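To keep things clear, I will list the structure first and then write my remarks on it.
The values are calculated or read from the model by the stated rules, or taken from the named source; none is laboratory data. Just so it is clear, the structure is predicted and the values come from calculations on it, not from any experiment. Positions of Cβ are generated from backbone atoms using ideal geometry, with glycine treated the same way; all protein chains shown enter the neighbour counts. Surface accessibility is based on the protein's heavy atoms, side chains included, excluding ligands, DNA and RNA. Shrake-Rupley method; radii C 1.70, N 1.55, O 1.52, S 1.80 Å.
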Amino acid sequence: MVKCFDDLEFRKLYDGVQCILEFGNSFELSIVQHGGSYGGKQGLYEVAVFENGRQKIMPGITENYDTVKGYLSKEDVTSIIKKMISMTGVSGIIT
């Protein structure tokens with residue numbers, strides 16, 4: 001069960017890494033850091049939320065105009081993981 005950034009296990013993606021967390025049967029959180037991600041070149045992370053396989057805007061996590069949020073520190077990612085747990089009622093599981 002993933003509850004913070006330190007619990008994540010990343011896999012290689014492009015020139016960087018990705019971790020996907022599943023929250024229940026409907027939601028996933030993709031966490032990436034690579035040369036094309038927002039903040040990736042600065043060592044920061046980008047997240048995207050998926051519901052039933054479709055990327056979506058998630059109030060409180062992504063911006064009102066975009067389905068991704070970037071330029072995130074490890075602490076920011078932990079905060080988002082905690083918000084996802086609170087919103088879904090379940091801890092994240094690495095897929």
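Taking the accessible area of the chain, probe 1.4 Å, and keeping the other protein chains in place, the carbon and sulfur fraction comes to 47%.
Projecting label points 7 angstrom from Cα along Cα→Cβ for residue 13 and residue 95 puts them 1.2 nm apart.
Measuring with a 1.4 angstrom probe and ignoring ligands and nucleic acids, residue 6 comes out at about 130 Å² accessible.
Does a label point 7 Å from the Cα of residue 71, set along Cα-to-beta-carbon, have any residues of the range 14-43 with amide nitrogen under 20 Å, and which are they? 31-43, by backbone N distance to the label point. With respect to the chain, whose longest principal axis is taken over its alpha-carbon atoms, helix 74-88 is tilted by about 20°. On the beta carbon distance between residue 64 and residue 42, with R0 = 25 Å, the FRET formula returns roughly 0.55.
Running a GNM on the chain with Cα contacts under 10 Å, which residue among 79, 26, 37 ends up with the highest mean-square fluctuation? For the chain, modelled as a Gaussian network with Cα springs under 10 Å, the answer is 26. Ligands, DNA and RNA excluded, the heavy atoms of residue 11 present near 150 Å² of accessible surface to a 1.4 Å solvent probe.
Protein heavy-atom accessible surface, 1.4 Å probe, per residue over the chain: 58 Å². In this structure, the amide hydrogen of residue 91, modeled 1.01 Å from its nitrogen in the peptide plane, lies closer than 5 angstrom to no residue at least 5 positions away or on a different chain. When the pairs 12/83; 41/83; 12/74; 3/56; 56/83; 3/83 are compared against a 20 Å limit on Cα-Cα distance, 12/83; 41/83; 3/56 fall above it.
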